[in-house]
Amino acid sequence: MLLFLLRRVLIVLLSAFCLTLIVFLLTNLSPNLEKLAKSEAGTRITDREVAVWLEQHGHARPLLVRYASWLGLAPAWAPPGRHLPGQCAAAAEDDADAPRYCGILQGNWGTSTVFRGDVATILGVRLALTGNLMLWVMLVMVPSALLVGVLAGMREGSVTDRTLSSFSIVTSATPEYVSGVILIAVFASSMTGLKWFSGTAGSVADKGPSFDTMVLPVTTIALYGMGYVARMTRASMAEVMTQQYIRTARLKGVSFRNVVLKHALRNALIAPFTVIMLQFPWLLNGVVIVETLFNYKGFGWTLVEAAGANDIDLMLGCSVVAVVVVLVTQLLSDLGYVLLNPRIRVH
Amino acid sequence: MDPLGTGAIILTILGRFWPVWIGIAAIFALSFRFKRRLGLYGRLFDSPVAMAGLALVLFWAFTAIFTDAIATYGTLEQVSQMKNKPPGTPTPDGTGWFLLGGDHLARDVFSRMVAGSRIVIIIAPFSTAVAFMVGITLGLPAGYYGGRLDTFLSFAANLILAFPVILLFYLLVTPEIADTGLPQYLALVLFLFPILFLSVFVNARYRVTPGVRNWALLAIGVFCGYVYISLVSEPGTAIAILPAALDAISVPTNILIVFVSVVFVNSPTVFRIVRGLTLDIKTRDYVAAAKTRGEGLWYIMLWEILPNARGPLIVDFCLRVGYTTILLGTLGFFGLGLSPESPDWGSTINSGRRLLTIVPFPAIVPAVALMSLVLGLNLLADGLREESLKD
């Protein structure tokens, strides 16, 4: 078990290393850097001045060196003739005090050019907002998806099953940008005149979440993920219900209610558990779409803003967060699957 | 002219789609007639769910084919005074109606939705097919040989899968990346796989009859090679092998990026599915029999294992075309790759969402269109799965 864990952790670390390298490569292409130079030093500068600016700010070094110093494994960039490393210059008062290594491993995530601030602080604030959204999504999505799946899989082929299965096929065929648009049009526009909820969540960042603003974003994300989890649960539940021990329990005279609740449910929930864990990366996509659609100023919205404005440091920061979230959930779902299912014990 | 009422709008729209109805009716009639001779496809007509799915998919396929007959106005045609008008408003010159209203640039929402189907119906199945070729060509040996090859390929596939799709799109589909020519190089690699796949496929089968083999390989080489070079090369960009006169298939760079990135996102999943199926099937007796007969490795993989994995692969193909449709919509929604004027559904949703609470139709119409196509593909996949399990 320990060896299995160690192997998984090593693979995750290697993946994280490769992924950040790829992201670094793709965000630090020469056209990106040229654009950065022009936005920082003035749009009308000549090609020679661009080259000089890049040289002065350490962007002319070899790519791997830049990557290592961004990561904090190589000394940070210091302009020639000075000891002061560029990135952490503001933190230290004296040249001699400035740390030589100054990358994300040392906690320095760089500076955002769009929001004019420290990337780590910005991401912290944004992630808290997104975390809030995700929490509500999970609270709505998981119980309702499990309920729908269990009810549908309980009696395969019944009217309840057909209805609920159709419902989950429809929701999983409706991407967030479609359901979001439809929900806004129905519940927040002048077309139907309902206007029950707010069609934008832009105020959440300043005023905090309210029922009015959160209903539509949460429903939109939850609906898409729900269809998939519900279908998995249904398949798992239907399979369990055909097992011998369920038949035995029924023949012994246990009521249907008790068979479902006490005998079937636990075994049927093993498979959906992994699926739910693996939904996190999917939710991340949903979050980006929904935050853009509803103007909810969280992590996804920040990612879109950063990408649109060529904000290299912020983009890198967002990518690191996204990649870490995905890898950690993969690891957790692997572990959870092993722990939950006694039949799969790794020797 | 008077504005049309709801009933009149629906009737007029149904009427506009007349070539589609004829097409669907013809296909359904023919399929019912020869149902018993059509194998798995014929058995779809036993299941109402599958038929509903097929009807939806055919609806959009025929709409894409007959776009010019169905659309009432041009995709970029602006009619003055029709800005943000509700459905059924007659045009000022009295020649017709904007059946589903006008958008913020006074263009006909209905015609743009119809024209948008063409982009999806062309890109989604083709890019999925290329992704399948990539996934199959790499997944079969990974599953069959195992060992280091498998470890390496699986690691690479998991790396790509660990990227949230939208992040990957934001990294790959930007003007800066287009400047470096990276998408074209990626296309250079990815489009090589269909040729590779076809040649190995034919070679493995006709290895013992060199006469047939050589001609078939030559034909594949010349035809696919030309299509390949013509697809990848584009005058005035990083890769310009062919002069403009010989470049029969001209794919604009932005469409190529969209195509390539969608293939790139889909192939690792296909790879994983094919690898898993191969691991399962390679233990079967008929594979052992082929080995004993002394068949080549690629023959076993492509002519023994692959045909026996077709059921799950066909089902996944349907689902994946649906998923690709969603991805294309996502790209359009974020304004990546496709031009803002393009009538594709994602871009129209994106431009319509700004006025969503006041003028909902320009965004809702393409949204419902996209949803119905994906729903059709999912239903079709469900039907296929049920029917193929009945064997």
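With respect to B:G311, is the statement that it is within 25 Å of B:L149 (Cβ to Cβ) and either among the basic types (K, R) or surrounded by fewer than 18 Cβ atoms within 10 Å (Cβ to Cβ) (or both) true? Show your work before the answer.
Working: within 25 Å of B:L149 (Cβ to Cβ): no; either among the basic types (K, R) or surrounded by fewer than 18 Cβ atoms within 10 Å (Cβ to Cβ) (or both): yes.
So B:G311 does not fit the description; no.
For region B:140-247, the helices (runs of 4 or more DSSP H) that sit wholly inside it and include 2 or more residues that are surrounded by fewer than 18 Cβ atoms within 10 Å (Cβ to Cβ) and not small (G, A, S) are B:147-162, B:175-180, B:182-190, B:192-206, B:210-232. Would you check if there is a residue in region B:75-84 being exposed (fewer than 15 other Cβ atoms within 10 Å of the Cβ), among the hydrophobic types (A, V, I, L, M, F, W, C) and part of a loop (DSSP other than H, G, I, E, B)? Yes: region B:75-84 contains one or more residues that are exposed (fewer than 15 other Cβ atoms within 10 Å of the Cβ), among the hydrophobic types (A, V, I, L, M, F, W, C) and part of a loop (DSSP other than H, G, I, E, B).
Which members of region A:209-221 meet the condition of being part of a helix (DSSP H, G or I) and either of a type outside the set (F, W, Y) or modelled with pLDDT of 90 or more (or both)? Break it down into steps so the answer makes sense when it comes.
Looking only at region A:209-221, we keep the residues that are part of a helix (DSSP H, G or I), and these are A:211-221.
Within region A:209-221, A:D212, A:T213, A:M214, A:V215, A:L216, A:P217, A:V218, A:T219, A:T220, A:I221 meet the criteria.
When you check B:G296 against the structure, is it farther than 30 Å from B:I122 by Cα, at pLDDT below 90 and out of contact with any Leu (no Cβ under 6 Å at 6 or more places or on another chain), yes or no? Considered against the rule, which asks whether it is farther than 30 Å from B:I122 by Cα, at pLDDT below 90 and out of contact with any Leu (no Cβ under 6 Å at 6 or more places or on another chain), B:G296 comes out as yes. For region B:274-297, the set of residues classified as basic (K, R), farther than 20 Å from B:V134 by Cβ and in a helix (DSSP H, G or I) consists of B:K291, B:R293, listed by residue number. None of B:F62, B:F110, B:F32 is crowded, with 19+ Cβ neighbours inside 10 Å and without any contact (Cβ under 8 Å) to a residue 60 or more places away in the chain except B:F62.
Pull up region B:365-376, narrow it to residues that are within 8 Å of chain A (Cβ to nearest Cβ) and crowded, with 24+ Cβ neighbours inside 10 Å, then point me to the one that is farthest from B:L100 (Cα to Cα).
B:V374
Are any residues in region A:178-208 part of a helix (DSSP H, G or I) and either open to solvent by less than 20 Å² (accessible area, probe 1.4 Å) or within 7 Å of chain B (Cβ to nearest Cβ) (or both), and if so, which ones? Of everything in region A:178-208, those that are part of a helix (DSSP H, G or I) and either open to solvent by less than 20 Å² (accessible area, probe 1.4 Å) or within 7 Å of chain B (Cβ to nearest Cβ) (or both) turn out to be A:V178, A:S179, A:G180, A:V181, A:I182, A:I184, A:A185, A:V204. Scanning region B:135-183 for residues that are at the interface with chain A (Cβ under 7 Å from one of its Cβ atoms) and acidic (D, E) yields B:E176, B:D179. Of the residues making up region A:267-284, at least one is open to solvent by less than 20 Å² (accessible area, probe 1.4 Å) and closer than 24 Å to A:F17 by Cβ.
Based on this model, can you work out whether B:G337 counts as facing chain A (nearest Cβ under 9 Å), of a type outside the set (S, T, Y) and either open to solvent by less than 20 Å² (accessible area, probe 1.4 Å) or outside any helix (DSSP H, G or I) (or both)? Give the steps one after another, and end with the answer.
Values: facing chain A (nearest Cβ under 9 Å): no; of a type outside the set (S, T, Y): yes; either open to solvent by less than 20 Å² (accessible area, probe 1.4 Å) or outside any helix (DSSP H, G or I) (or both): yes.
So B:G337 fails the test.
Report whether or not A:L10 is modelled with pLDDT of 85 or more and open to solvent by 50 Å² or more (accessible area, probe 1.4 Å). I'd like the intermediate steps shown before the answer.
Details: modelled with pLDDT of 85 or more: yes; open to solvent by 50 Å² or more (accessible area, probe 1.4 Å): yes.
The answer is yes for A:L10.
Taken together, A:Y245, A:Y224 contain a single residue that is open to solvent by 70 Å² or more (accessible area, probe 1.4 Å), among the aromatic types (F, W, Y), on the phi < 0 side of the Ramachandran plot and assigned to a helix (DSSP H, G or I), which is A:Y245. Within region B:345-356, is even one residue open to solvent by 20 Å² or more (accessible area, probe 1.4 Å), farther than 20 Å from A:I169 by Cα and either in contact with a strand residue (DSSP E or B) (Cβ under 8 Å, 6 or more places away or on another chain) or more than 11 Å from chain A (Cβ to nearest Cβ) (or both)? Within region B:345-356 (the criterion being open to solvent by 20 Å² or more (accessible area, probe 1.4 Å), farther than 20 Å from A:I169 by Cα and either in contact with a strand residue (DSSP E or B) (Cβ under 8 Å, 6 or more places away or on another chain) or more than 11 Å from chain A (Cβ to nearest Cβ) (or both)), the answer is yes, since at least one residue qualifies. Residues of region A:120-177 that are hydrophobic (A, V, I, L, M, F, W, C), open to solvent by 40 Å² or more (accessible area, probe 1.4 Å) and within 14 Å of chain B (Cβ to nearest Cβ): A:F167, A:V170. Annotation note: Cβ proximity below 6 Å between a residue of region A:45-66 that is without any contact (Cβ under 8 Å) to a residue 60 or more places away in the chain and a residue that is open to solvent by less than 50 Å² (accessible area, probe 1.4 Å) and among the polar types (S, T, N, Q) (sequence gap 6+ or interchain) occurs for no pair.
The values are calculated or read from the model by the stated rules, or taken from the named source; none is laboratory data. Remember, it's a predicted structure, so these values are computed and weren't measured experimentally. Because the Cβ atoms are built from the backbone with ideal geometry, glycine has one as well, and the counts that use them run over all protein chains shown. Areas reflect the complete protein model, heavy atoms only, side chains present, ligands, DNA and RNA absent. Shrake-Rupley method; radii C 1.70, N 1.55, O 1.52, S 1.80 Å.
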